[in-house]
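Here the structure comes first, spelled out in structure tokens, and everything after it is commentary.
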Amino acid sequence: MIRFEGVSKVYPDGTRAVEGLDLEIEEGSFTVLVGPSGCGKTTSMRMINRMVAPSSGRVLVNGRDVAGIRPVSLRLGIGYVLQNAGLFPHRTVADNVAAVLRLKGDSRRTGRTKALAAMERVGLEAALAERYPAQLSGGQIQRVGVARALAADPPILLMDEPFSAVDPIVRDGLQRQMLDLQAQLGKTIVMVTHDIDEALLLGDRIAVMAPGGVLAQHADARTVLTRPADEFVASLVAKDRGFRALSFAPLAGIDPVPLPAAGSDGAIDLGTLAPGWSLELEHAGASGERRGSWRAPDGTALRVTGSVSRADTLRKALDAVLASPHGLALVLDPGVPPAVVNLALLTPLLTPSPGVATGGVSGGRP
């Protein structure tokens, strides 16, 4: 567990970066510090590994005040992912990943073995081990940075805007991979970003920092979206706030319309749901996953690109309905006959947001 107790940071010129920060980060959680430039989010994170010293207050890691821990010892037990990765340009990928391992005393052979394992974990091919950073793509560079931070298996991982320098497509892949890694490894992750969408996607808990280094709200993503603590938080998440909140609304609670059995030609007639349209389902791969194609009245086949399950969110279902050529989203669940939902079924679940909360920075889990 990481705890900030009344932490403030004031620089010699009088600049107040952080003001009275009280924040508890649970072990095994993914906490994202988000806010505009100059709000103290990076300063706060860097106090955890003593790269910045607080002017007052305490930062505790597992109950120990970090001020009483030797900086080198502290940092060797904390992974750190930098913006633009911060790789050594004169070292190979394998040597970069093994850097902390070597500092901790591992032999070159052991360090390389662990480095290759870390590379595999983040989706880097072993063939890249002997390349240099200048020979890598932006996405590969960031993966090397994550691999280096994870190689020594630290319990805590700090991430300073790690995906901000890559293009949106690469960023999306890196974010999804980070969620998969966290599900496997269960690290205590503290990440800094200025991107509210990234914070909502990745964070178990979100700490919204306001100008002046004040903690405006600390809550789960659903609470930040549906019950912002004040006008500042509301303005930060204002764009598409209602639509984003649908990502936390379950599709459960409605009964999808079951489809009839397939005809002799293997097609399922959609009848009055979509006159003239039919659905063709097939089982793909060893897993038996079902895939479908819509058949238009003129005979054109269109691959179903957005099927959902009953465990999915309202946002995903609504997106599938709107992307469908006839306004029906296909619902597929293992062992259950296919069904569909349409806008008429989803509309009753589209409830308005309750608006801005009155006071407080905490929020419970949904």
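Observations
- Tallying residues that are out of contact with any Lys or Arg (no Cβ under 6 Å at 6 or more places or on another chain) and more than 21 Å from Val7 (Cβ to Cβ) within segment 201-229 yields 10.
- Condition broken by Val72, with the remaining ones in (1) in contact (Cβ under 8 Å) with a residue 12 or more places away in the chain; (2) of a type in the set (A, V, I, L, M, F, W, C); (3) within 30 Å of Leu124 (Cα to Cα) satisfied: (1)
- Among helices (runs of 4 or more DSSP H) entirely within segment 59-148, having at least 3 residues that are under 29 Å from the mean Cα position of the chain (by Cα), modelled with pLDDT under 95 and charged (D, E, K, R) singles out 108-121.
- The lone exception for Ala53 - which of (1) outside any strand (DSSP E or B); (2) surrounded by 16 or more Cβ atoms within 10 Å (Cβ to Cβ); (3) touching a strand residue (DSSP E or B) at 6+ places or on another chain (Cβ under 9 Å) it fails: (2)
- When Pro36 is tested against the conditions (1) part of a loop (DSSP other than H, G, I, E, B); (2) touching a Lys or Arg at 6+ places or on another chain (Cβ under 6 Å), the lone failure is (2).
- Counted residues, segment 145-168 - those being within 20 Å of Glu26 (Cβ to Cβ) and among the charged types (D, E, K, R): 1
- Evaluation of Thr272 against (1) outside any helix (DSSP H, G or I); (2) of a type outside the set (D, E, K, R); (3) at pLDDT 90 or above; (4) surrounded by fewer than 17 Cβ atoms within 10 Å (Cβ to Cβ) (one fails), failing number: (1)
- The set of residues in segment 222-244 that are assigned to a helix (DSSP H, G or I) and out of contact with any strand residue (DSSP E or B) (no Cβ under 6 Å at 6 or more places or on another chain) comprises Arg222, Thr223, Leu225, Thr226, Glu231, Ala234, Ser235, Leu236, Arg241, Gly242, Phe243, Arg244.
- Among the residues of segment 329-345, the ones that are farther than 13 Å from Ala261 by Cα, among the small types (Gly, Ala, Ser) and modelled with pLDDT of 90 or more come to 1 in all.
- Scanning segment 186-230 for residues that are among the β-branched types (Val, Ile, Thr) and either crowded, with 21+ Cβ neighbours inside 10 Å or not assigned by the TED database to the domain that holds Ile156 (or both) returns Thr188, Ile189, Val190, Val192, Thr193, Ile196, Ile206, Val208, Thr223, Val224, Thr226.
- Qualifying positions in segment 59-89 - of a type outside the set (Val, Ile, Thr), touching a strand residue (DSSP E or B) at 6+ places or on another chain (Cβ under 6 Å) and crowded, with 16+ Cβ neighbours inside 10 Å: Leu60, Gly79, Tyr80, Leu82, Gln83
- Residue in segment 329-345 that is farthest from Gly253 (Cα to Cα), counting only those that are in contact with a Leu (Cβ under 6 Å, 6 or more places away or on another chain) and surrounded by 19 or more Cβ atoms within 10 Å (Cβ to Cβ): Pro338
- Residue match in segment 111-126 (condition: within 26 Å of Ser44 (Cα to Cα), crowded, with 23+ Cβ neighbours inside 10 Å and in the same structural domain as Phe30 (by the TED database)): no
- Check on Gly292, outside any strand (DSSP E or B), more than 27 Å from Ile196 (Cα to Cα), out of contact with any helix residue (DSSP H, G or I) (no Cβ under 8 Å at 6 or more places or on another chain) and outside the structural domain of Glu198 (by the TED database): no
- Identity of the residue in segment 8-18, over 27 Å from the mean Cα position of the chain (by Cα) and assigned to a strand (DSSP E or B), that ends up modelled with the lowest pLDDT: Arg16
- Boolean, Asp265 is without any contact (Cβ under 8 Å) to a residue 24 or more places away in the chain, more than 14 Å from the chain's Cα centre (by Cα) and more than 28 Å from Ala344 (Cα to Cα): yes
- Qualifying residue in segment 301-312 (condition: at pLDDT 90 or above and surrounded by 15 or more Cβ atoms within 10 Å (Cβ to Cβ)): no
- In the set (1) part of a helix (DSSP H, G or I); (2) more than 17 Å from the chain's Cα centre (by Cα); (3) surrounded by fewer than 22 Cβ atoms within 10 Å (Cβ to Cβ), Ser247 fails one condition alone, (2).
The values are calculated or read from the model by the stated rules, or taken from the named source; none is laboratory data. Predicted model only: the values in this text are computed from it and were never measured. Neighbour counts run over all protein chains shown; Cβ positions are idealised from the backbone, glycine included.
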